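*Asks:* Starting off with a structure, shown below.
Bear in mind these aren't lab numbers, they're just calculated from the coordinates by the rules spelled out. Remember, it's a predicted structure, so these values are computed and weren't measured experimentally. FYI the Cβ positions are ideal-geometry reconstructions off the backbone, even for glycines, and counts take in every protein chain you see.
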Amino acid sequence: MRSPLSSRPSEIAGAPASARPLRQFVLKVHELCNLACDHCYVYEHADQSWRRKPPIMSAAVARRTAERIAEHAVRHRLAGVGVVLHGGEPLLLGTARLRELLTILRGAIPVPVDLRMQTNAVRLTEATAEMLETFGVRTGVSLDGDRSANDRHRRYRNGASSHERTLRGLAILRSHPEIYAGILCTIDVRNDPIAVYEALLAEAPPRIDLLLPHATWDNPPLPGHAEWLIRLHRRWLADGRPVPIRLFDGLRDIAAGGHSGTEAVGIDRGEVAVVETDGSWEQPDSMKTAFDGAAATGLTVVTASADDLLSTPVMRHRQSGLAALSATCRACPVVTQCGGGLYAHRFRTGSGFDNPSVYCADLKGLITAMNDEVTAMREALPDRVFDDLATGAGGASSIAYLTSAQESITRALLVAAADRLSGTESDPWSVLSALDKHDPGAVRRILTHPFVRVWAVKFLSGTAGPHRLADLAAAAVIAGGADVDVPVTARDGRVHLPTLGTVTGGVTTVNGARPPALDPARRIGPGLLLEDADPYRDCHEWPATGRLTPEQVRAWDEAVTAAWRVVERDAPDHAAGLAAGLTTITPLTPDPVTLRSATARQASGALGIAFTPDPEALAVLLVHEYQHTKLGAVLDLIDLVDPDSQALLRVGWRSDPRPVESALQGTYAHLAVAEIWRQRAERGVPGAAGHYARYRDWTVDAIGALTASGSLTAAGRRFTDGLAATAAKWPV
Ligand code: SF4
């Protein structure tokens with residue numbers, strides 16, 4: 001069949017005069033596969049060209065391909081290129097051939113190469129993983145969810161399941177985190193999206209790709225992909241986006257003024273080329289779903305450069321942005337985000353690719369729902385609040401916004417937990433819901449306790465038991481004085497009631513009266529909870545203490561009371577925010593060498609601190625750590641850093657290079673510490689000027705590194721601009 005594009009010269013004439021360079025090269029290094037997945041577009045869809053290709057890419061073809069990539073990178077002065085080893089199944093090449101291929105690629109391309117592999121992982125061994133690590137090959141694994149979801153399609157030729165062996169491969173990759181790139185999941189709407197999400201999350205992937213199964217108007221997909229994706233998206237948001245999901249992140253990035261980073265959505269595309277085992281230049285593999293020969297370009301790496309490929313009508317058309325889209329798409333309100341979906345999904349016999357995506361309704365539904373979520377977030381964090389926090393400080397009303405957003409996240413997680421528990425035991429969630437109508441303040445006091453979210457996340461990931469929900473209901477009933485019986489289950493002879501204390505003595509039911517055997521939680525300083533009993537408090541990188549003696553509590557009270565006065569004196573711009581947001585201190589075990597303090601992203605409002613009687617030092621710890629809490633709450637709402645960024649930045653306070661988000665966290669914290677030392681230096685405190693100079697220089701340099709990293713989102717750039725404006729006022 002002729003390419004439908006060859007009959008549409010008028011649209012091709014609209015292509016840009018100068019093409020964008022190619023940035024990713026997919027190398028089909030092994031044509032065959034050891035599995036026979038019935039949804040595979042290479043073997044099971046319209047294109048059957050694999051039958052006419054050599055089974056493996058020879059060293060000669062690999063060498064020529066590497067030369068072509070090198071010449072393209074040099075000609076276009078690219079800072080780096082991506083190369084993906086693909087198949088069939090690339091691991092069928094065997095270790096020796098794979099090593100030969102990787103040696104060629106690493107040796108011939110003179111710019112940094114982001115080398116990756118996409119595999120089903122069933123043949124991945126420890127030895128192969130070590131070899132891949134030696135060559136820095138970041139490896140993605142195809143997995144469609146839990147066993148029943150994966151077995152629906154991903155089977156051996158004899159029908160046997162591949163699930164167990166794929167999980168074994170993933171376990172090997174987890175022990176090589178440097179090369180674990182993530183999981184690619186092909187959606188099947190007959191699988192439950194939450195079960196799929198949880199199964200993928202259980203493999204601790206650094207990223208998830210969700211792939212719409214390839215389809216065209218000639219072979220349309222099952223209905224319901226929008227609903228499937230929206231359910232998963234809601235749960236992902238409620239979890240605080242624990243892992244980047246490329247489709248969602250891509251759509252969010254476009255909405256924020258960036259690029260999608262995927263061929264699946266967005267306007268700026270056409271930067272990917274495929275090289276087949278015989279050296280043919282081809283368009284992305286997904287085209288194989290359209291018709292036999294749809295991906296072909298007629299060029300090979302032997303006779304044609306990557307620039308020759310870019311000048312073909314098909315590639316020029318792919319890069320022509322809006323001009324490449326159908327009239328329906330060009331008039332669509334979400335076209336800049338959707339971009340007509342994946343190119344291959346637009347195909348229909350007769351009109352070729354001049355159509356909206358066959359997933360049009362699904363894409364529109366998903367994007368609209370996601371945009372509504374983004375709008376809600378913007379409302380949750382208006383410009384006034386964002387810019388206040390971007391000064392490096394943040395007043396009480398800004399912190400109140402963050403607290404309320406954190407409460408929404410916790411409540412969404414609790415709804416998911418209650419959903420999971422429904423029908424399994426008495427229903428504490430309905431007790432909480434009923435009480436919420438009559439005494440929302442009492443419920444709020446309990447649900448905003450920092451370790452409620454910690455439990456919910458653990459429970460939903462299968463690492464905590466279910467009984468905490470009843471503890472929450474019991475605590476809320478006591479806080480509200482409601483005459484309701486709540487059955488509770490003791491663990492190790494105790495029931496811990498969040499914010500209230502621990503009940504011992506075989507209690508099985510709690511009602512509005514305070515239980516006589518309650519060992520109460522203690523409060524210190526300006527009313528902070530000294531949390532030494534909550535079973536979920538030990539969530540920091542340094543262990544929590546056990547129950548403190550009354551003398552120890554008294555010492556904490558004196559130290560925090562004195563430190564609070566120091567904060568008001570030395571960090572006046574931070575004091576109101578700290579008072580509005582900090583609720584809890586978790587005592588950490590002391591370190592004989594250094595002061596210890598920590599925060600946990602899931603425990604907003606709590607700081608972990610090892611005791612120090614020195615109020616000056618304690619004040620610095622309080623302000624420093626609370627900066628991490630604040631920024632974590634902002635990051636729960638808005639991406640400040642590109643989730644795909646692999647960049648590492650040098651910062652003054654660490655000897656090792658840091659991921660961009662860690663560098664931003666450190667910058668935010670050190671900015672506040674610099675402010676404290678500036679105040680002390682101005683008061684003439686001995687040694688303070690030196691401390692101030694050090695923290696100031698670290699902060700200013702880190703802001704510069706963040707700004708130059710190219711890894712910040714539009715919101716992230718605005719945020720660091722705010723920090724830079726604060727630092728610019730500092731005396732040198
Ligand atoms: S939603 Fe439909 S009409 Fe709009 S850009 Fe996407 S495919 Fe085209």
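*Asks:* Please work out how much length the chain gains when fully extended from ASN219 to LEU595, using 0.36 nm per residue of separation minus the C-alpha to C-alpha distance, in nm with one decimal.
*Replies:* 129.0 nm
*Asks:* Using 7 Å Cα-to-Cβ label points, what is the SER404/THR368 separation (nm, one decimal)?
*Replies:* 2.8
*Asks:* Which of ILE172, LEU210, LEU222 sits farthest toward the positive end of the charge dipole of the stretch 134-247, with +1 on the Cβ of Lys and Arg and -1 on the Cβ of Asp and Glu?
*Replies:* Sorting the options by dipole projection puts first ILE172.
*Asks:* Distance check, please: which entries in LYS53/LYS288; LYS437/LYS630; LYS630/LYS729 exceed 24 angstrom between their Cα atoms?
*Replies:* The answer is LYS437/LYS630.
*Asks:* Rounded to the nearest 0.05, what FRET efficiency do ARG190 and ARG123 have when you use their Cβ-Cβ distance and R0 = 35 Å?
*Replies:* The calculated FRET efficiency here is 0.80.
*Asks:* Still on this structure, I have one more. I need the trypsin sites (Lys or Arg not before Pro) found in the stretch 527-602, filtered to DSSP loop residues with at most 13 other beta carbons within 10 Å of theirs.
*Replies:* The qualifying sites are ARG547.
*Asks:* Toward the positive end of the charge dipole of the chain, about the Cα centre and with charges on Cβ (Lys, Arg +1; Asp, Glu -1), which of GLY107, ALA562, GLY94 goes farthest?
*Replies:* So the residue we want is GLY107.
*Asks:* Continuing with the same structure: I need to check one value: relative contact order of the chain, counting alpha carbon pairs closer than 8 Å and at least 6 residues apart, in percent.
*Replies:* Taking the mean separation of contacting Cα pairs over the length of the chain, I get 10 percent.
*Asks:* Using only the Cα atoms, work out Rg/Rh for the stretch 139-188, with Rh taken as the Kirkwood radius, to two decimals.
*Replies:* On the way: Rg = 11.2 Å, Rh = 11.3 Å.
Over the Cα atoms of the stretch 139-188, Rg/Rh equals 0.99.
*Asks:* Still on this structure, please answer the following. What value in Å³ per residue do you get for the convex hull of the alpha-carbon atoms in the stretch 654-702?
*Replies:* Taking only Cα atoms, the stretch 654-702 has a hull volume of 58 Å³ per residue.
*Asks:* So between SER433 and ASP492, what do we pick up on full extension, going 0.36 nm a residue minus the alpha carbon distance?
*Replies:* Working it through step by step, the gained length comes to 18.4 nm.
*Asks:* While we're on this one: So how strong a dipole does the chain carry about its Cα centre when Lys and Arg Cβ are +1 and Asp and Glu Cβ are -1, to the nearest 20 debye?
*Replies:* Around 1140 debye, computed over the chain.
*Asks:* Looking at the chain, I'd like the Rg to Rh ratio, where Rg is from alpha-carbon atoms and Rh is Kirkwood's inverse mean 1/r.
*Replies:* That ratio is 1.01, to two decimals.
*Asks:* Also, I was wondering about something else. On the first, second and third principal axes, largest extent first, how far apart are the outermost C-alpha atoms of the stretch 80-150 in Å?
*Replies:* 45, 25, 20
*Asks:* Would you mind getting me the FRET efficiency between ALA647 and ARG75? Use the beta-carbon distance for r and R0 = 30 Å, nearest 0.05.
*Replies:* 0.75
*Asks:* I would also like to ask the following. Starting from the Cα of TRP542, step 7 Å along the direction of its Cβ; do the same at ASP557; then give the gap between the two resulting points in nm.
*Replies:* 2.5
*Asks:* What percent do you get for the relative contact order of the stretch 330-449 when only Cα pairs under 8 Å and 6+ apart count?
*Replies:* 14
*Asks:* In debye, nearest 20: dipole of the stretch 349-506 around its Cα centre with unit charges on the Cβ of K, R (+) and D, E (-)? Walk me through the intermediate numbers first.
*Replies:* Details: 13 positive and 18 negative charges, 89 e Å.
So the dipole magnitude of the stretch 349-506 works out to roughly 420 debye.
*Asks:* For THR707 and ARG420, what does the FRET efficiency come to when R0 = 45 Å and r is the distance between their Cβ atoms, rounded to the nearest 0.05?
*Replies:* It comes out at approximately 0.55.
*Asks:* Now, a different point. If you filter the stretch 123-197 for chymotrypsin sites (Phe, Trp or Tyr not before Pro), then keep DSSP loop positions with at most 16 other Cβ within 10 Å, what is left?
*Replies:* Passing sites in the stretch 123-197 are TYR156.
*Asks:* Using 0.36 nm per residue, how much length does the chain from ASP307 to ALA725 gain when fully extended, once their Cα-Cα distance is taken away?
*Replies:* Working it through step by step, the gained length comes to 146.1 nm.
*Asks:* Using label points projected 7 Å from each Cα along Cα→Cβ, tell me how many nm separate GLU227 and SER662, to one decimal.
*Replies:* Result: 4.4 nm between the two label points.
*Asks:* How big is the Kirkwood radius of the stretch 139-263, worked out from every pair of different alpha carbons and given in Å to one decimal?
*Replies:* Computed over Cα pairs of the stretch 139-263, the Kirkwood hydrodynamic radius comes out at 15.4 Å.
*Asks:* Give the span of the stretch 518-572's Cα atoms along each principal axis, as three whole-Å numbers ordered largest to smallest.
*Replies:* If we take the Cα atoms of the stretch 518-572, the spans are 35, 26, 16 Å.
*Asks:* Using the Cα centre of the chain as origin and beta-carbon charges of +1 (Lys, Arg) and -1 (Asp, Glu), tell me which of VAL61, ALA121, GLY505 is placed farthest towards the positive end of the dipole.
*Replies:* VAL61
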